[in-house]
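Comments concern the structure below.
The values are calculated or read from the model by the stated rules, or taken from the named source; none is laboratory data. For clarity, every value in this text was computed on a predicted model and none was experimentally measured. We place every Cβ from the backbone using ideal geometry, glycine too, and count neighbours over all the protein chains shown.
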Amino acid sequence: MRHLRYFQAVAEELGFSRAAHRLHIAQPALSRAVKELELELGVQLLLRTRRSVNLTPAGRVLLYETGRLLQQLDETTRRVQRTAAGEEGELRLGYIGPPTQAFLGRIIKEFRSSYPRVTVVLEERTPERVWEMVARGSLAIGLTRPVLAHHALGLHSVSLRHERLHAALPEGHRLIGSSRLHWRQLEGEPLIILSRREGVSLHDAVLGACHRAGFLPTLAHTPSLVSTVLSYVEAGAGIAVVSDGVTSLGQGLPIIFRPLVPAYTVDLVMVWSEKQDTPPAAAFRQLLNKWKKSGRLWNTVDQGEDRVPSRE
């Protein structure tokens, strides 16, 4: 590449003296480099006289191709540097729906604004599936719930928020008069919670909270989608127990949300594999941590004194 750059300067200046001045090298070294290039290619590139330097037909072709090669080299160098800085590449992000709805679109928009050359691929999966795909390397980052096998998978994780559990009641229900509900008040009520297969952390947290309140819950429905959970509530089929990340989905519906006390929580975590780490993933984690510290991941988070952590 050095020989090609030297030849390009001579061919454009049509003189060794001017080219040597442009390159800040000695003229004999420049002449020797161009001669070595001609010997390497086995062709004459320049017609030299005491007064002038001109390109041969082969020299004109090489000058054109050298311009293309060096331009491509410069672009390749910039792409390598952008990739190393997390400014180019691909980010495959797995997530669970409702708990991330309040912030995911907004943070992706800011990330794409800062890193427009990074392609962001979003995949909505169940919590267990997100962990599995991160462990396999098909996802760079997951936004999900903790799972029972997370220690065995050897992945890194950090808690993003503790989501308080709420009761979702249909309009007109006898319990909506209270600003908050005690778990014991759910005894005997038909309960609607996400199936364990789709959300083991939330499912087990609800059952555990009922057990600590001293009763065995009456499970009326355990659908696979949160939207179906809310549809059952709207239809008057029972009371749902959901995380506070779901409450925004009920806006505009005839559903009333009430916080449950004691205030048990389920975690939303970010998970990644150090083995599969990439600069775009590192840049996204840094942005997410910045949002977490500034409180931009959520609008309001109840910090009441009656909050206790989930034991699941």
Problem set entry | Any chance GLU12 is at pLDDT 90 or above, among the acidic types (Asp, Glu) and not assigned by TED's automatic domain parsing to the domain that holds VAL229 | no
Seminar exercise, completed: Filtering the range 171-188 down to residues that are part of a loop (DSSP other than H, G, I, E, B), among the charged types (D, E, K, R) and farther than 14 Å from ILE256 by Cβ yields GLU187
Problem set entry | Spans of helices (runs of 4 or more DSSP H) in the range 13-115 with at least 2 residues farther than 30 Å from LEU268 by Cβ | 16-23, 27-41, 57-84
Problem set entry | Qualifying residue in the range 207-221 (condition: in a loop (DSSP other than H, G, I, E, B) and closer than 28 Å to PHE103 by Cβ) | no
Exercise. Any idea how many residues of the range 211-242 are crowded, with 18+ Cβ neighbours inside 10 Å, under 35 Å from the mean Cα position of the chain (by Cα) and over 14 Å from SER195 (Cα atoms)?
Worked result: 2
For this session: Determine if the range 15-31 includes at least one residue that is modelled with pLDDT of 90 or more, touching an Asp or Glu at 6+ places or on another chain (Cβ under 8 Å) and of a type outside the set (Ser, Thr, Tyr).
Result: no
Exercise. Across the range 123-135, which residue is surrounded by the fewest Cβ atoms within 10 Å (Cβ to Cβ) among those that are in contact with a helix residue (DSSP H, G or I) (Cβ under 7 Å, 6 or more places away or on another chain) and either of a type outside the set (D, E, K, R) or under 15 Å from MET270 (Cβ atoms) (or both)?
Worked result: ARG125
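Conditions tested, residue by residue: (1) hydroxyl-bearing (Ser, Thr, Tyr); (2) in the same structural domain as VAL134 (by TED's automatic domain parsing); (3) at pLDDT below 95; (4) part of a loop (DSSP other than H, G, I, E, B).
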{"site": "THR228", "(1), (2), (3), (4)": "yes, no, yes, no"}
{"site": "TYR232", "(1), (2), (3), (4)": "yes, no, no, no"}
{"site": "VAL241", "(1), (2), (3), (4)": "no, no, no, no"}
{"site": "THR247", "(1), (2), (3), (4)": "yes, no, yes, no"}
{"site": "LEU253", "(1), (2), (3), (4)": "no, no, yes, yes"}
{"site": "LEU260", "(1), (2), (3), (4)": "no, no, no, no"}
{"site": "LYS275", "(1), (2), (3), (4)": "no, yes, yes, yes"}
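Here is a yes/no grid of residues against (1) touching a residue at least 12 places away in the same chain (Cβ under 8 Å); (2) in contact with a helix residue (DSSP H, G or I) (Cβ under 9 Å, 6 or more places away or on another chain):
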site	(1), (2)
LEU39	no, no
GLN44	yes, yes
GLY59	yes, yes
GLY94	yes, yes
PHE103	yes, yes
GLU110	yes, yes
PRO116	no, no
VAL121	yes, no
Exercise. Do the conditions hold for LEU37, that is, is it surrounded by 16 or more Cβ atoms within 10 Å (Cβ to Cβ), modelled with pLDDT of 90 or more and assigned by TED's automatic domain parsing to the domain that holds ARG145?
Worked result: no
For this session: Determine which single condition SER138 fails, assuming it passes every other condition in (1) crowded, with 18+ Cβ neighbours inside 10 Å; (2) out of contact with any strand residue (DSSP E or B) (no Cβ under 6 Å at 6 or more places or on another chain).
Result: (1)
Seminar exercise, completed: Here the qualifying pairs (Cβ atoms under 7 Å; residues six or more apart or on different chains; first in the range 202-223 and in contact (Cβ under 8 Å) with a residue 40 or more places away in the chain; second aromatic (Phe, Trp, Tyr)) come out as ALA205/TYR264; ALA209/TRP183; ALA209/TYR264
Exercise. Which of the residues belonging to the range 119-173 are under 26 Å from LEU186 (Cα atoms) and of a type in the set (Lys, Arg)?
Worked result: ARG145, ARG161, ARG164
For this session: Please state which of the following conditions PRO223 fails to meet, knowing it meets all the rest: (1) over 21 Å from GLN251 (Cβ atoms); (2) touching a helix residue (DSSP H, G or I) at 6+ places or on another chain (Cβ under 8 Å).
Result: (1)
For this session: Taking the options THR119, THR144, name whichever one is among the polar types (S, T, N, Q), touching a Leu at 6+ places or on another chain (Cβ under 9 Å) and buried (at least 19 other Cβ atoms within 10 Å of the Cβ).
Result: THR144
Problem set entry | Considering residues of the range 116-143 that are assigned to a helix (DSSP H, G or I) and of a type in the set (Val, Ile, Thr) only, the residue nearest to ARG285 (Cα to Cα) | VAL134
